[in-house]
Amino acid sequence: MLPNIRRARRRAATTGAIVRVGDLLADRHHAGALPDLVLARTTQRVGDAIALLQEFGISQLPVSEDAEGDAIAGLVGSITEKSLLDRAFRDPSVVERTVGEVMDHPLPFVDVSASLDDAFALLSNGANAVIAVRAERPAGVVTKLDVLEFLAHHRPSHG
């Protein structure tokens, strides 16, 4: 009886409980060459950060206070197309300000070995995206759309 219970529990597990964040990063279906991590800098003009969003077809960027590199300790905020649009629509001169002046809260971190359920919990509790971390370094950004795309291409087999 015990092995049957274990099998039933395995079948009842969500896809997100089985899949790791690293699996999603390794299996992305992005069109074109997208770097693992695209950052804005606190000293950058907002207009330049908007150009990065456009160039890579992304909707949010982690923000680093470091002049170069991608150390986790330097990640101090984030910007999203939604928040930039809200600000720029009300005050078009915002594009001349620095990213550090208009950035939002930093994106939460999730280890690449964490389950997709862990990332989903953060995303469903208000995070626009999460930063996947491997060996104390950012490995990539995972968005809600990334999770949807992964689930669409990896339907669980029942049997």
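The values are calculated or read from the model by the stated rules, or taken from the named source; none is laboratory data. The model shown is predicted, which means the values in this text are computed figures rather than measured ones. Every residue, glycine among them, receives a Cβ derived from its backbone with ideal geometry; neighbour counts consider all protein chains shown.
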Residue 86 touching a helix residue (DSSP H, G or I) at 6+ places or on another chain (Cβ under 8 Å) and part of a helix (DSSP H, G or I): no
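Look at the range 21-57 and say how many of its residues are closer than 16 Å to residue 132 by Cα, part of a loop (DSSP other than H, G, I, E, B) and under 14 Å from the mean Cα position of the chain (by Cα).
Summing the residues that are closer than 16 Å to residue 132 by Cα, part of a loop (DSSP other than H, G, I, E, B) and under 14 Å from the mean Cα position of the chain (by Cα) in the range 21-57 gives 7.
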Residue 130 passes all but one of (1) part of a loop (DSSP other than H, G, I, E, B); (2) within 19 Å of residue 41 (Cα to Cα); which number fails? (1)
Candidates 146, 104, 111, 117 - the one that is among the acidic types (Asp, Glu) and buried (at least 20 other Cβ atoms within 10 Å of the Cβ): 146
Quick check on this structure: which one of 141, 110 is in contact (Cβ under 8 Å) with a residue 60 or more places away in the chain, more than 24 Å from residue 68 (Cβ to Cβ) and of a type in the set (A, V, I, L, M, F, W, C)? 110
Give the range 97-117 a look and list any residue that's among the small types (Gly, Ala, Ser) and part of a loop (DSSP other than H, G, I, E, B), or say none. 113, 114
Qualifying positions in the range 18-62 - under 19 Å from residue 85 (Cα atoms) and aliphatic (A, V, I, L, M): 39, 40, 46, 49, 50, 51, 52, 53, 58, 61
In the range 14-32, is there at least one residue being modelled with pLDDT under 95 and over 22 Å from residue 139 (Cβ atoms)? yes
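Starting from residues that are within 18 Å of residue 98 (Cβ to Cβ), surrounded by 15 or more Cβ atoms within 10 Å (Cβ to Cβ) and not hydrophobic (A, V, I, L, M, F, W, C), keep the ones in the range 67-77 and report whichever is farthest from the chain's Cα centre (by Cα).
Selected residue: 74.
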Test result for residue 91, among the charged types (D, E, K, R) and either surrounded by 15 or more Cβ atoms within 10 Å (Cβ to Cβ) or modelled with pLDDT under 95 (or both): no
Looking at (1) over 19 Å from residue 130 (Cβ atoms); (2) crowded, with 17+ Cβ neighbours inside 10 Å; (3) not hydrophobic (A, V, I, L, M, F, W, C), which one does residue 80 not meet, given that it meets all the others? (1)
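Got a sec? Which of 49, 73 is free of Cβ contacts under 8 Å to residues at least 60 places away in the same chain, among the hydrophobic types (A, V, I, L, M, F, W, C) and within 18 Å of residue 34 (Cα to Cα)? First the steps, then the outcome.
Numbers: 73 fails: within 18 Å of residue 34 (Cα to Cα).
Criteria check complete, one pass: 49.
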